[in-house]
1. Run down Ala267, Ala340, Ala346 and say which single residue is among the aliphatic types (A, V, I, L, M), modelled with pLDDT of 70 or more, open to solvent by less than 60 Å² (accessible area, probe 1.4 Å) and under 60 Å from the mean Cα position of the chain (by Cα).
2. Tell me, which residue of segment 118-130 that is aliphatic (A, V, I, L, M) and either open to solvent by 10 Å² or more (accessible area, probe 1.4 Å) or not in a loop (DSSP other than H, G, I, E, B) (or both) is nearest to Arg23 (Cα to Cα)?
3. Check Gln73 against each of (1) among the polar types (S, T, N, Q); (2) open to solvent by 60 Å² or more (accessible area, probe 1.4 Å); (3) under 48 Å from the mean Cα position of the chain (by Cα) and name the one condition it does not meet.
4. Exactly one condition in (1) modelled with pLDDT of 70 or more; (2) part of a helix (DSSP H, G or I) is false for Asp210; which is it?
5. Looking at this structure, is Tyr26 over 24 Å from Asn175 (Cβ atoms), touching a residue at least 60 places away in the same chain (Cβ under 8 Å), in contact with a Gly (Cβ under 8 Å, 6 or more places away or on another chain) and surrounded by 14 or more Cβ atoms within 10 Å (Cβ to Cβ)?
6. So which residues in segment 157-171 are closer than 17 Å to Asn117 by Cα and over 60 Å from the mean Cα position of the chain (by Cα)?
7. Which one of these is modelled with pLDDT under 95 and out of contact with any His (no Cβ under 8 Å at 6 or more places or on another chain): Lys37, Lys17?
8. When only residues in segment 411-449 that are among the basic types (Lys, Arg) and at pLDDT 80 or above count, which is nearest to Asp270 (Cα to Cα)?
Amino acid sequence: MMGKGAINHNTRAFNAKNVDPERSIYNVQFCNTSIKKVYHELFDEALERYNAKQKRSDRKIDNYYEKIRQSKQEKLFHEVILQIGNKDDMNSKSKEGELAKEILIDYMQDFQKRNPNLYVFSAHLHMDEETPHIHIDFVPFIRNSKRGLDTRVSLKGALAEQGFKGGTRGATEWNQWMESEKQELSKVMERYDVQWKHLGTHNKHLSVLDFEKQERQKEVAQLEQTLSDNKVELNNILYQQIMAEEKTEQIRKEGEVIRQEVSELSAESDWLKEQTEILSEDKEKLLSENENLESQQKKLQREINKMVQSKETMERNIHTYDEDEKWQLPEPGTLMSAKAYRDKKALPLVQKLKELVKNLTLKCIQLTEQVKKLTVKVDRQQNQISRLTDKAMEQNDMIERLQEKVSDLGHLERYFGKERVQAIVEQSKTIEQAERAEKRPKRAYDMGR
């Protein structure tokens, strides 16, 4: 009988319900070649010769395989199915089934030799169904054609070249050829002492054809269901892929935000380190200046103590002026005149007092000036100490903020991992360097002479 030609079924790319997969190991594969490869082998040279003759580009054929696939007159390939007996008298699991297998293998040996115009690219003997049978798939072709390609696809022409000329409606080339192949099969059967039991009518064979068509339809329906399930699964996969891509994009954006934050933290951390170093240096300077100020304050205090001692000494000296006899105006003598008393006693004492007052006045002025200077210096030092104290407090605040930033960076390293954060920082530095390089003005060089 003629089959539809289900290559995937023949090669068991998928199994129908009537197939026993455990018995597929007993199947026989005679050949299994890609049909596209066969088309290239048979028709490429003829196609090249045909296109070379065409003056109009719209008449040229780009792909002969596609042309035949879309043709309504010819098929890409044909299939014939041959079977001996039925499931009752030649069951695949019986000894008779094994005999049928040997006969079919023997028959297949000379098939291609008998049919030179039928290029067999796929042939399989099935022992995993109820009855042993062979699927033979072939491409019919003719040579030296006067129309179209000189070598082209033609079932009618191929059978005609093999001697099967069409006659009545019931004696077509195909029917004549099929009857001839049955006779060839019967000859092989006779060598194995198996005789052909003629049923007497052709309609009986057609019922087998109808059964096979029904089985093929079931297989096609099963395949369509499988395809439908695969489409659903594919849609699920595509949906999951889309969701995964969206998730990846979200993660990428989050990573970009994290990279930016880490970059900012890294830059701020570098700045904080620089500021910490500067503050440390300033702190050392402040400590040194404070020591100098304390030393100066001690020195001032010593000077003030000296001034106090000088004041006390003056006070003691003044007290001696009140009590010391040499600073007392003596009583005039009984015989001393007023003029003599004034010249000899009063005027010398007054002159001493003038000198003493003058010296005391100068000393007081000097002390007053020193006190003013020391007061100004002390005030200036107090202001400087106040400024330094304020600056030290600001530095302490800055150090606390720096420590908080360092702590934030530590949290990031513990959450994302130190290596990942470091990698992001290095990547950020590289990007920033590239951006600075792009912003850097490019020099123009005059290439003229």
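The values are calculated or read from the model by the stated rules, or taken from the named source; none is laboratory data. This one's a predicted model, so the numbers in the text were calculated from it and none came from an experiment. Here the Cβ is made from the backbone with ideal geometry for all residues, glycine too, and neighbour counts use every protein chain on show. Please note that ligands, DNA and RNA were not included when accessible areas were found on the heavy atoms of the full protein model with its side chains. Shrake-Rupley method; radii C 1.70, N 1.55, O 1.52, S 1.80 Å.
1. One residue alone meets the criteria, Ala267.
2. By that ranking, first place goes to Leu125.
3. The failed condition is (3).
4. Of the numbered conditions (1) modelled with pLDDT of 70 or more; (2) part of a helix (DSSP H, G or I), the odd one out for Asp210 is (1).
5. no
6. Leu159, Ala160, Glu161, Gln162, Gly163, Phe164, Lys165, Gly166
7. Lys17
8. Of everything passing the filter in segment 411-449, Lys429 is nearest to Asp270 (Cα to Cα).
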